[in-house]
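Note sheet for the following structure.
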Amino acid sequence: MHWYLVHTKPRQEKSAQENLVRQGYECYVPTLPKEKLLQSGVAIADEPLFPRYLFIRLGQGHTDQSWTPIRSTKGVSRLVRFGVNPAKVHDGLIDCLRATEAAVQANPEPFFTSGEQVRLTDGAFAGIEGVYQMADGDRRVMVLIELMGKPVVMKVDAASLQKVV
């Protein structure tokens, strides 16, 4: 049994994984927790480490499960190949990804970091740029802006901020 790479349809990694597992295949989609900006505030969601890809464990013997149903599975685009051979992935890489995923699950990457430039998108101060200070609860954050030549700390909804690139 070896690990192989499957290319999925856009944003259907989990759907493809569920459908393949339902058919009896062993699959793995490495994910990392990330803060996402939603209307209700900042929430933590698992995002695929490799968008549009998942790993599948398959055998090559005549007693192993057939590869044929994979490409017609809902959410799957194709099995990744190099020429005529499917792209084989070493077990060590999968082990490393699983270990990294387990270590990172405890500390998700924050959406905003202290000192980052942000822009207010809603309210009376829409369009004004400031510096992100810190989260103040589930939905509100503290932002440092300059108002009439003086620095002012404001509490605003996290959903009303946008990163300045």
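The values are calculated or read from the model by the stated rules, or taken from the named source; none is laboratory data. The model shown is predicted, which means the values in this text are computed figures rather than measured ones. Ideal geometry is used to build each Cβ from the backbone, glycine not excepted, and the neighbour counts take in all protein chains shown.
A few points about this structure:
- Residue in the stretch 131-139 that is crowded, with 17+ Cβ neighbours inside 10 Å, at pLDDT 85 or above and of a type outside the set (Phe, Trp, Tyr) present: yes
- Taking the stretch 66-165 and the strands (runs of 3 or more DSSP E) fully enclosed by it, the elements with 2 or more residues that are in contact with a Gly (Cβ under 6 Å, 6 or more places away or on another chain) are at 140-147.
- Filter pass, Leu32 being crowded, with 16+ Cβ neighbours inside 10 Å, in contact with a strand residue (DSSP E or B) (Cβ under 8 Å, 6 or more places away or on another chain), modelled with pLDDT of 80 or more and not in a loop (DSSP other than H, G, I, E, B): no
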